[in-house]
Each structure stands twice: as structure tokens, then as C-alpha cells.
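Novice: What follows is a single structure, and I will ask about it in a moment.
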Amino acid sequence: MAAFLANIGVNAAHHVRSPLFRDGSFVVHPIPEARRWAPPMLRLPEVWGERAVHVDPDLHGDPPTYGDNCRTAGRAYSLRQAQAGDVIVFMARLHPVSGDSPGFYLVGSLSIVAIKQDVREDPGSGWWDDNAHVRRARSGGSWDSFWVFEGDGRSGFFDRAVPFSRPHAERVFGGTWDWREHRTDLQTIGSYTRAVRRLTGSSESRLRELAAAPGARRHG
């Protein structure tokens, strides 16, 4: 058993911001696709205009899914070790509408029940149909050995965001991170979570505990 920590959604490089509301609820805005929109890709006109968007993870889907380039992208290599029964916990950079400084928060999770590995051609209809990687490939993109993970009924976004600041990172990862004086805590957390992190043992337990914090009840 293992837990994975994956950083999702728009980040400091995008002009779009994911809002954190005063009651702790939030919206994670997806990143835009590099390809021009074509069906069956998705658009969010109120956020990205006519650009195609990469809605991944799709925790509102039936079933929930997450995809990544585990074979070709170094940031996702750790997910090659994922198995049914593992959990992927998602974190995102959120901007409080109160005007406070942005921060990282745990925003949802996917409890893995099935994995579609190394998708190099259209696999036909299945539980993976609505995943962003499949949508992009079917629009004329590349079947580039991506993987898709299926979640069970415990998967979903949290009702309230769970802070993931320096004390939380140190509790989960121990004293393994270098908190340099010339970098903000936000920069350090972002740097260390650029790649998906695989956690086992006490680190896994602590991440699961954070994701089970009061207020983190999941919704589909």
C-alpha cells in the first residue's frame, strides 16, 4: 500500500487563479491544453475562453479518473509503482478571495481500483472514456503511452480545502526538505511537489490522516 501526492491545476505560471472561498470551499481550475480544441476535448469558456482544457483529475466523473504520462514524463515516473488499493492525494495552489497570500492545499483524492497502462492506441469504449488524456488523443493527439487510473466511490474533491504548509510538509516528509532562506515556503513546497511523490510507511499514514481531516469529506 502506498499514497501518492500529486500537484494539480493552474499554478503561478498561469494568469488564471483557483479561488479559495471564506468558508473553505474552493474551485480548482484546470490547465489549458497545448492543442487547439476539437471534440471530444472540453472547454470552460468562463475560465479559458475557446481554449481546450485538461480536466485531470476528473473527480466528478463516473467513474472518477486520473491520467498521467508515467512512461514518458519524469514527474510521473513514481506512478508506475501504483497498484489497486493505493490512493492519490491531490494538492493545488489556491488563492483566498479574502486577499490573503496563496497557499497549497489538499483538495481531493482518488482511491485506485484499476489501471490502464501504456495506452498507445485507442482502447475502445471503457471506464477511461472521459479522461482528459483519452479525449485529447481521440481529438487527433498522440496515443503516447499514457496511463489512466480509475477511482472508486471514496474518490472525489473535498468539501473544504486542507492546508498543506511547511508544518504539514515537515510532518509528512520529515526533515528531508531544504528550506532555503532566499525562497518562500510556497516556492519550496512547489519545487518538491513538481513530481508526483510516492509515500509509504509513516509518511503514507500521515498523508492519509491529513486527507481525512475534519471538513475534508469528499463529494463527487
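Novice: List every residue pair whose Cβ atoms sit under 6 Å apart, with the two residues 6 or more apart in sequence or on different chains, where the first one lies in the stretch 143-158 and is under 20 Å from residue 81 (Cβ atoms) and at pLDDT 95 or above and the second, anywhere, is assigned to a strand (DSSP E or B) and of a type in the set (Ser, Thr, Tyr).
Specialist: Pairs that qualify, where the first residue is under 20 Å from residue 81 (Cβ atoms) and at pLDDT 95 or above and the partner is assigned to a strand (DSSP E or B) and of a type in the set (Ser, Thr, Tyr), are 148/65; 149/66; 150/65; 151/111; 152/111; 155/111.
Novice: Give the residues of the stretch 157-195 that are of a type in the set (Phe, Trp, Tyr) and part of a loop (DSSP other than H, G, I, E, B), sorted by residue number.
Specialist: 164, 177, 179
Novice: I need the full set of residues from the stretch 3-51 which are in a strand (DSSP E or B) and free of Cβ contacts under 8 Å to residues at least 60 places away in the same chain, in order please.
Specialist: Scanning the stretch 3-51 gives 31, 32, 43.
Novice: If you don't mind, there's one more thing I want to ask. Out of the residues in the stretch 100-136 meeting the condition of being over 13 Å from the mean Cα position of the chain (by Cα) and closer than 30 Å to residue 188 by Cβ, tell me which one is surrounded by the most Cβ atoms within 10 Å (Cβ to Cβ).
Specialist: This residue is 133.
Novice: Looking at 109, 139, 125, can you tell me which residue is in contact (Cβ under 8 Å) with a residue 40 or more places away in the chain, of a type in the set (S, T, N, Q) and farther than 19 Å from residue 204 by Cα?
Specialist: Being in contact (Cβ under 8 Å) with a residue 40 or more places away in the chain, of a type in the set (S, T, N, Q) and farther than 19 Å from residue 204 by Cα holds for just one of 109, 139, 125, which is 139.
Novice: A follow-up question, please. Considering every residue within the stretch 182-200, establish whether at least one is within 30 Å of residue 36 (Cα to Cα), in contact with a His (Cβ under 7 Å, 6 or more places away or on another chain), surrounded by 13 or more Cβ atoms within 10 Å (Cβ to Cβ) and not hydrophobic (A, V, I, L, M, F, W, C).
Specialist: no
Novice: OK, next. For residues in the stretch 69-97 being at pLDDT 95 or above, of a type in the set (S, T, N, Q) and part of a loop (DSSP other than H, G, I, E, B), which is nearest to residue 4 (Cα to Cα)?
Specialist: 83
Novice: Among the residues of the stretch 179-188, are any within 19 Å of residue 81 (Cβ to Cβ), among the aliphatic types (A, V, I, L, M) and within 20 Å of the chain's Cα centre (by Cα)?
Specialist: Within the stretch 179-188, not a single residue is within 19 Å of residue 81 (Cβ to Cβ), among the aliphatic types (A, V, I, L, M) and within 20 Å of the chain's Cα centre (by Cα).
The values are calculated or read from the model by the stated rules, or taken from the named source; none is laboratory data. Keep in mind that what you see is a predicted model, and the values were worked out from it rather than measured. Every residue, glycine as well, gets a Cβ built from its backbone with ideal geometry; the counts of neighbours run over all protein chains shown.
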